[in-house]
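Asks: This is the structure I want to talk about, given as structure tokens.
The values are calculated or read from the model by the stated rules, or taken from the named source; none is laboratory data. What you see is a predicted model, and the numbers here were worked out from it, not measured in a lab. Every residue, glycine as well, gets a Cβ built from its backbone with ideal geometry; the counts of neighbours run over all protein chains shown.
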Amino acid sequence: PPGRCGHRGGPQANTTTPRGRITGGSVAPRGAWPWLVSVRLHGEMMCGGVLVGHSWVLTAAHCFTGNKNELAWTVVVGDHELGKLDTGERTVPVRRILPHPKFNSKTFHGDLALLELAVPLAPSPTISPICLPSGPAEPSPGTSCYIAGWGSLYEAEGPAADVVMEARVPLLSQETCRGALGRDLLTSTMFCAGYLSGGIDSCQGDSGGPLACQDPSSHRFVLYGITSWGDGCGERGKPGVYTRVAAFADWLSLQMDPAPGSREPSCFDLLALAQLPPEQQPPERTRLCAFYTGSCRPPQGQAACARLAEETCRARTRRCGEPGGHAGVRAHGGTLFLVLWPHPSPQGPSAPVVPGSPKHGCSSLAWEAAAWGPHNSSLMSPPTSLLPVPGAAACASLNESAVRVSVVQELYAWVLQVPESNLAMTFQEILVDLSSKNAKGLYRAQVRATVGGRPTAFTGLVGLESDSLARSMPGLVALALETLKT
């Protein structure tokens, strides 16, 4: 039954002709890996992931190096063919991102992250969790296990498979792995799998994707590895490297079953308050903000502690960028538009309007008419239609929304103030330290560039070959954007 972990869906035999970039691998039958998910940033696939509970996805921590804002991420479950809506496919918002606290972005030690989904998932033939290891014991070297995914985004020529690919790979001993990759690169929380002859490798899966082995007695699939890193792609003598899931069993259990009030409220939690009925908002806010009472010092009284917790909680909400509403910045034809979306209603989504305006006696306004671009004399001044209406007591929600727009506008000032003609990045010079090659074939480099019309310099990792250069480019762009914020 789909409610049990580790049971595959779809046909078990696969006679599909091998294709795509998994040499010796095959197109997976539809629904064959019901725990495989795609992790997406602003709707674009960034990593793979594994459903390990009805509300939990396990993936790689390095996927979130550039963006840890849960509001920007979604998880797609039940997916098989990218770019096409599959039967049973569903997109779920991310409530919380929990990278392992000891993750090291340089060594990739602890390369795990848990994603808490906004809503629990009901099991189905195409959506079902995998089993987690019940103890420290792991399959012995030589055991054949499975990798699956759509293909690495930044290896060689980019995505090569529109559908899920699968392959069998043998587990390798630590001695064999250290001999192939170097003793200093492999920690006790990593292991290798693949063929030293090359051909099949996890780079054809996705970062954060699963390495699953079938238990010989229960016939259930158990998650033993999360795709982490590798040197090249299916090259001879360079197997793929995985994070050892069993080594983090205690941490996973603690995160997936936390004590009440032990976790800081996420942006998703705080912004969801505004969607509750008014009478339910105060007690729910009190419950969420109770976390911050833990920072109170003994001399403080109960009332002072409660005020401090409330103030800290409100500051956290402001940092989320959308205090009570759903605001966002979207690009259209090269021009940035600020749109205030109403809260979802039981009848479904509606067009962007002023929340509550018709029933409160205010005239309806089209918010998307306002655009900020180089044709505006003041990039950071909201149009008059978004400013508070003097003396309009009946339009309290309109005035409040105008304040919210100003807050979001300030949050994105670092990009809104860049004229459209300067929305570009131009490299002037890249100085590479040729002695600094890492396990991914990337080198430390000092980069001089013009970003948003501003000259800047920063340190990053860059590849010298065409494939490694393609892999390094997203990281360089992310670093360049960070310079705009500062």
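Asks: Specify which of the listed residues (ARG178, ARG183) is basic (Lys, Arg) and at pLDDT 85 or above.
Replies: Testing whether each residue is basic (Lys, Arg) and at pLDDT 85 or above leaves just ARG178.
Asks: Here is a follow-up. Condition first: buried (at least 20 other Cβ atoms within 10 Å of the Cβ) and either part of a loop (DSSP other than H, G, I, E, B) or not assigned by TED's automatic domain parsing to the domain that holds GLU429 (or both). Now tell me which residues in the range 455-481 satisfy that.
Replies: Hit for the range 455-481 is GLY463, nothing else.
Asks: Pick from PHE268, PHE291, PHE248: which is farther than 22 Å from ALA118 by Cβ and modelled with pLDDT of 85 or more?
Replies: PHE248
Asks: Count, please, the residues in the range 425-454 that happen to be closer than 22 Å to LEU185 by Cα and either polar (S, T, N, Q) or assigned to a strand (DSSP E or B) (or both).
Replies: Qualifying residue count for the region: 7.
Asks: State all residues of the range 1-24 that are modelled with pLDDT of 50 or more and either among the polar types (S, T, N, Q) or within 27 Å of the chain's Cα centre (by Cα) (or both); if no residue qualifies, say none.
Replies: ARG4, CYS5, GLY6, HIS7, ARG8, GLY9 - these are the residues of the range 1-24 that are modelled with pLDDT of 50 or more and either among the polar types (S, T, N, Q) or within 27 Å of the chain's Cα centre (by Cα) (or both).
To keep it simple, each residue is scored yes or no on (1) in contact (Cβ under 8 Å) with a residue 40 or more places away in the chain; (2) of a type in the set (Val, Ile, Thr).
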position: TRP414; (1), (2): yes, no
position: ASN422; (1), (2): no, no
position: THR426; (1), (2): no, yes
position: SER436; (1), (2): no, no
position: LEU442; (1), (2): no, no
position: ALA445; (1), (2): no, no
position: VAL451; (1), (2): no, yes
position: PRO455; (1), (2): no, no
position: PHE458; (1), (2): no, no
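Asks: Determine whether the range 96-117 contains at least one residue that is more than 20 Å from PHE248 (Cα to Cα), touching a residue at least 60 places away in the same chain (Cβ under 8 Å) and surrounded by fewer than 21 Cβ atoms within 10 Å (Cβ to Cβ).
Replies: no
Asks: For the structure I just gave you, tell me whether TYR154 is assigned by TED's automatic domain parsing to the domain that holds LYS102, of a type outside the set (Lys, Arg) and at pLDDT 85 or above.
Replies: For TYR154, the condition - assigned by TED's automatic domain parsing to the domain that holds LYS102, of a type outside the set (Lys, Arg) and at pLDDT 85 or above - is not met.
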